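The values are calculated or read from the model by the stated rules, or taken from the named source; none is laboratory data. Predicted model, so just to flag it, every value in this text is computed and none were measured. All Cβ positions, glycine included, derive from the backbone under ideal geometry; neighbour counts span all protein chains shown. These area figures cover heavy atoms from the full protein model, side chains too; ligands, DNA and RNA do not enter into them. Shrake-Rupley method; radii C 1.70, N 1.55, O 1.52, S 1.80 Å.
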Amino acid sequence: MSITGTVVKWATSKGWGFVKSNADDAEYYVHHTAIQDGVRLTEGAEVQFDADLSEPSSKKEKEYRAAGKKRAANVCGLAVVPRAQGSSMGTVTEWHLAKEFGYILGVDGGKVYVHASAFEGAKLQVGKTVTYDAADVQHPSGRKVAVNVAGPAVMQRGETAGQVLSWLAHKGYGFAQDAAGTQVFIHAKEIDGGWLMEHKQVGC
């Protein structure tokens, strides 16, 4: 790792935060996918990381880059919180693939917010069960935030078969519907070839 820094902010409910380089105080944006062997970071603790100089892929990253913030990659160190097995159980009631979040209904009747950074996979399947822990933070909506999510509901991208409902070639995105009737947003950058044919089968 080429840079040592300190975590200045971590938003568990959103799966991202910022670290500051100890050498020059430069701030780096950290997405949960950049963390090695862990799921989130501890504020105030130290990390080692590389500078990711690739082209920003999201609007948020472009805004940070324009403001002079860089992106961190290969993040590891004492600040990394490892993944653990959750102690509570619930059923996935909603999953929004494009925004990477959803909700779990616990056995106690409480509804818990869950972000994609809380599990090893690309999405959660509605109607399936998971185990999880409630973090010591709250989502802005006031709901508890799930971490350490695992179980039958956790799925990888492409694991579910579906049918393409629509494809907007000029905008580079479309929608598919899986066997459970859930509509899934698909962007061109996620597809080999960059486009889809309507009414054909696809993994989503």
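Kirkwood hydrodynamic radius, the chain, all distinct C-alpha pairs: what's the number in Å?
With all distinct Cα pairs of the chain included, I get 18.2 Å.
What accessible area per residue, rounded to a whole number of Å², is obtained for the chain using a probe radius of 1.4 Å? Let's see the in-between values first.
Details: 10850 Å² over 204 residues.
Each residue of the chain exposes 53 Å² on average to a 1.4 Å probe.
With an 8 Å cut-off on Cα pairs and a minimum separation of 6 or more residues, tell me the relative contact order of the chain in percent.
Details: 489 pairs, mean separation 30.3, N = 204.
Relative CO of the chain lands at 15 percent.
Could you work out the longest stretch of the chain that avoids the trypsin sites (Lys or Arg not before Pro) located in DSSP loops with at most 12 other Cβ atoms within 10 Å?
Working: sites that count: K99, K171, K200.
With a cap of 12 other Cβ atoms within 10 Å, the longest stretch comes to 1-98.
Can you tell which of I104, I35, I186 shows the greatest fluctuation in a Gaussian network model of the chain with Cα springs below 10 Å?
I186
Net charge near N74, counting Lys/Arg +1 and Asp/Glu -1 over other residues with Cβ under 10 Å of its Cβ?
Values: positive: none; negative: D50, D52.
With Lys, Arg at +1 and Asp, Glu at -1, the net is -2.
For A26, what charge total do you get from the other residues with a beta carbon under 12 Å from its beta carbon, if Lys and Arg give +1 and Asp and Glu give -1? Don't skip to the end; give the middle numbers.
Details: positive: K20, K69, K70, R71; negative: D24, D25, E27.
Within the 12 Å Cβ shell, the charges total +1.
Could you look at the range 1-159 and say what percent of its accessible area is carbon and sulfur, using a 1.4 Å probe and all protein chains? Can you show the working numbers first?
On the way: 3820 of 8030 Å².
Here it works out to 48 percent.
Summing Lys, Arg as +1 and Asp, Glu as -1, what charge do residues with Cβ under 14 Å from the Cβ of I104 carry, I104 excluded? Spell out each step's value before the answer.
On the way: positive: K111, K123, K128, R143, K144; negative: E94, D108, D133.
The answer is +2.
As an exercise, use a Förster radius of 45 Å and the Cβ-Cβ distance of A23 and K111 to find the FRET efficiency, rounded to the nearest 0.05.
Numbers: r = 44 Å, r/R0 = 0.98.
In this case the efficiency is close to 0.55.
For the range 31-150, what does the equivalent ellipsoid look like in terms of its semi-axes, each the square root of 5 times an eigenvalue of the Cα gyration tensor, given largest first in whole Å? It would help to have the intermediate numbers written out before the result.
Numbers: eigenvalues 155, 57, 32 Å².
Square roots of five times the eigenvalues give 28, 17, 13 Å.
Using the Kirkwood radius built from alpha carbon pairs, what does the Stokes-Einstein equation give as D for the range 99-178 at 4 °C and 1.567 mPa s, in µm² per second?
Details: Rh = 14.0 Å.
Calculated translational D: 92 µm²/s.
Give the whole-number value, in cubic angstrom per residue, of the convex hull volume spanned by the C-alpha atoms of the range 1-75.
Numbers: hull volume 6.3 nm³, N = 75.
Each residue corresponds to 84 Å³ of Cα convex hull volume.
For the range 50-117, report the translational diffusion coefficient in µm²/s to the nearest whole number, using Stokes-Einstein at 25 °C, 0.890 mPa s, and a Kirkwood Rh over Cα pairs.
Numbers: Rh = 15.2 Å.
Result for D is 161 µm²/s.
Grab the DSSP H runs of the chain that are 4 residues or longer, score each as -39,500 (n - 2.57), total them, divide by all residues and round the 222 nm result to the nearest 500 deg cm²/dmol.
Numbers: 1 runs with 8 residues, N = 204.
It lands at -1000 deg cm²/dmol.
Just to verify a number: FRET efficiency for T4 and S54, C-beta to C-beta distance, R0 = 30 Å, to 0.05? Walk me through the intermediate numbers first.
Numbers: r = 21 Å, r/R0 = 0.71.
So the FRET efficiency works out to roughly 0.90.
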